[in-house]
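Some notes on the structure that comes next.
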Number of protein chains: 2
Amino acid sequence: MEKTNVIAHFMGFPGKLKDKVMEIIKKTMKIGKDDPRKIWHAAKVGLALTLVSLFYYFRPLYDGFGQSAIWAVLTVVVVFEFTAGATLSKCLNRGFATLLAGALGVGAKYFADLFGKGEPIVLGFLVFTLGAVGTFTRFFPHMKRKYDYGILIFVLTFSLVTVSGYRVDEILELAHQRLTTILVGAATCMIISLVVCPVWAGEDLHKLVCGNLDKLASFLEGFGSEYFSFSEMDEESEKASIKDKGFLQAYKTVLNSKAIEESLANFAWWEPGHGSFRLRHPWKQYLKIGVLARECACHFQALTSYFNSNPQAPTEFHKRIEEACTRMSLESSKALKELASSIKTITQPSSSAAETHLQNSRIAIDDFKAILATTKTSLLSNKLDLLEIFPAITVASILIDVINCVDKISAAVEE
Amino acid sequence: MEKTNVIAHFMGFPGKLKDKVMEIIKKTMKIGKDDPRKIWHAAKVGLALTLVSLFYYFRPLYDGFGQSAIWAVLTVVVVFEFTAGATLSKCLNRGFATLLAGALGVGAKYFADLFGKGEPIVLGFLVFTLGAVGTFTRFFPHMKRKYDYGILIFVLTFSLVTVSGYRVDEILELAHQRLTTILVGAATCMIISLVVCPVWAGEDLHKLVCGNLDKLASFLEGFGSEYFSFSEMDEESEKASIKDKGFLQAYKTVLNSKAIEESLANFAWWEPGHGSFRLRHPWKQYLKIGVLARECACHFQALTSYFNSNPQAPTEFHKRIEEACTRMSLESSKALKELASSIKTITQPSSSAAETHLQNSRIAIDDFKAILATTKTSLLSNKLDLLEIFPAITVASILIDVINCVDKISAAVEE
């Protein structure tokens, strides 16, 4: 019995392997389809590596640089990132840090030489101090954001230079060679990442923020009709149908977009002007809009818990407020769409369009409040129960908050 | 005029420099005070660097390893991270990737040798392929989470080995030397980071999640009294007083804790058992609780917009619901605190305590609903206006959602 199990296991192995391979291929296809730039990026890294390795194959170059040429390969692998901004940031950080640390390292060597036999102790002390101070500097939030990699390379290069047992004149030549090869590697990366199908972090950030506003808009667009549809579905199938409706779930990705937005904004800071973006495009403004968009998405999360709170059939109160509520959500959705498209085209929002929709939604709020004020009569005539209309009132109230939020977004976009 | 300006500028320079230095010292003190482990970490990195540089100062060791010893320094700088889990993950990734890529690289060399003059072309093709495939692999979310650094080092080592112009027998010796020095560097890092004041990512995650639940609890605790305090403050001073009350703002950090929670959970996966955590502690469970905590914080965000919506004096309706609402928020706060403390001690939540509080808050909900049902009479007698009680109803409704959310957290904690 045991034996057949083992055999069956081994016989099943090729099948399992095939399944695994098929799964990987499927995943690869999916990633490639979702974002073909990722495939391009992989090819670009391969290209940069191959170009840099030419240093070795061309003998004259090789003789000039010797073993230092491996530093070019190392630089390419470590420095080449997906977005142009990230690559630039790493290249510049690496270049300047190497230069600075190399110079300081040579200085430290001279200095330690003065101590004669005490040299190792002095050098050890210096390495300890710089290593500790450098590492601690990386905890400063501002440094971490922009120069984290630079500090790492600074500590690295300084330690390498001071620790290596060369004499000073050898070191100068070595430092020169190494710096040149690193520059060659970094330049290759920069040129390839800026010229061949560049992936701009700024553009990604721009699209992400627009896309998020669009997602919020389509949630609001669908919400009215969804909430006021009193279908006869039981809770389970209701939930399933909500899952089908992607637009009602899309807002969740907005909630989690903080980290990616911030890193993109960081990288965008390093990028030169491209497309319709100037060199000093106000990327921080995008972060502000992002914060407001997440606040808005928070309100949506609160709204979704009311999808299933409706009674099977609409009460009279539902019928009364349906028009006003639907108008509230539709108009604010339109305002969001206007704002998104005005970001998309980097124009001052045609203040008329978005503002008009916001105005309309404010009118809808007033209408709703008026309805609320007159509802007393129905309550009097015993037609409805406060407990019954309670969830509907909450939904409306959250919608009002959403509109306030959209208002703030509009102000931020106008800046 | 111009000249005096310039002179004034230069004269002011020392003062400015002093200000800057003072500012940096202040920041340093603050970071050190907030988390003394950061200072320890900096010292640990310095120590590791100094230890590894002993390779150079001890001549016998130096003669054995030669220039390869710089790889130990390089490894220390690149691999030493703040948490033990991150350091372990990088060390293991680096070690295995170097081993694997070195072996493959030597194999590729043998293979390319067969082609005689075509060797550079074959090697170039191999480097391109591996570089592109490796880079693409890093886009797979699962690989990115655990093996990102390993893949980077794999591509790096493979390129270095194949590109460098050595003969194969030289390469074997070089590979051996390099691997040994990398292992020495990695081992130094691992030992220091595990033995000297270790910073456990798992423990941090544990504390973070507990702390978040506590923050939610203290928001709920303060909310009831805050919302039902009808002080005579105008809006401005009201806002200022809310800012003073830190506990009402603390929930915001909960909203943004996703990224840090996920990275900590990743690193915690690599850590050996420590303290009261086993080797395979269910770190993923913490992420689940984190998601629910953020959902809860979302509801809080919705609640905060109602702080200023109250009329100056409490209406009769406010007085009626105050008791029930305060009870709702207090009981759910107590339940959250119970849950947090049961996570803290890693015990099955004494199902009685948290469950009792939840039960109490559910009773409060029922009470509130009963009040709502009887409110009709007051409306009838024209004592209150639906429009007036509308915000209060919303607050209560969101509180009910919060309690449902706490319910879910309780279920997640019990797992």
Could you grab the pairs with beta carbons closer than 8 Å, sequence gap of 6+ or different chains, first residue in the range B:266-283 and on the phi > 0 side of the Ramachandran plot, second one in a loop (DSSP other than H, G, I, E, B) and open to solvent by 20 Å² or more (accessible area, probe 1.4 Å)? B:GLY275/B:TRP200
Selection from the range A:356-376 of residues in contact (Cβ under 8 Å) with a residue 24 or more places away in the chain, open to solvent by less than 60 Å² (accessible area, probe 1.4 Å) and of a type outside the set (A, V, I, L, M, F, W, C) yields A:HIS357, A:ASN360, A:SER361, A:ASP367, A:THR375
For the structure I just gave you, tell me whether A:VAL127 is facing chain B (nearest Cβ under 8 Å), over 28 Å from A:GLU262 (Cβ atoms) and either within 30 Å of the chain's Cα centre (by Cα) or open to solvent by less than 30 Å² (accessible area, probe 1.4 Å) (or both). yes
Index of the failed condition, A:THR181 passing every other in (1) more than 14 Å from chain B (Cβ to nearest Cβ); (2) touching a residue at least 24 places away in the same chain (Cβ under 8 Å): (1)
The one condition in (1) of a type in the set (Gly, Ala, Ser); (2) modelled with pLDDT of 85 or more; (3) farther than 15 Å from A:GLY46 by Cβ that B:ALA132 fails to fulfil: (3)
Is it true that some residue in the range A:131-147 is touching a residue at least 60 places away in the same chain (Cβ under 8 Å) and surrounded by 16 or more Cβ atoms within 10 Å (Cβ to Cβ)? no
Just to verify a result, which residue in the range B:36-63, among those that are open to solvent by 60 Å² or more (accessible area, probe 1.4 Å) and either outside any helix (DSSP H, G or I) or polar (S, T, N, Q) (or both), is modelled with the highest pLDDT? B:PRO36
Give the range A:97-124 a look and list any residue that's within 30 Å of A:SER263 (Cα to Cα) and out of contact with any Phe, Trp or Tyr (no Cβ under 9 Å at 6 or more places or on another chain), or say none. A:LEU99
Working only within the range B:183-222, note down all residues that are within 21 Å of the chain's Cα centre (by Cα) and hydrophobic (A, V, I, L, M, F, W, C). B:LEU194, B:CYS197, B:VAL199, B:TRP200, B:ALA201, B:LEU205, B:LEU208, B:VAL209, B:CYS210, B:LEU213, B:LEU216, B:ALA217
Checked the range A:81-123 for anything under 21 Å from A:LYS144 (Cβ atoms), in a helix (DSSP H, G or I) and open to solvent by 40 Å² or more (accessible area, probe 1.4 Å); matches are A:LYS90, A:LEU92, A:PHE96, A:LEU100
Kindly indicate the residue of the range A:251-292 that is among the hydroxyl-bearing types (Ser, Thr, Tyr) and within 14 Å of another protein chain (Cβ to nearest Cβ) and also surrounded by the most Cβ atoms within 10 Å (Cβ to Cβ) among those meeting that condition. A:TYR251
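From the list A:PHE140, A:PHE154, pick out the single residue that is at the interface with chain B (Cβ under 9 Å from one of its Cβ atoms) and aromatic (Phe, Trp, Tyr).
Working: A:PHE154 fails: at the interface with chain B (Cβ under 9 Å from one of its Cβ atoms).
After ruling out the rest, the residue left standing is A:PHE140.
The values are calculated or read from the model by the stated rules, or taken from the named source; none is laboratory data. Keep in mind it's a predicted model, so treat the numbers as computed, not measured. Glycine also receives a Cβ, built like all others from the backbone with ideal geometry; neighbour counts cover every protein chain displayed. Heads up: the accessible areas ignore ligands, DNA and RNA and are worked out on the full protein's heavy atoms, side chains in. Shrake-Rupley method; radii C 1.70, N 1.55, O 1.52, S 1.80 Å.
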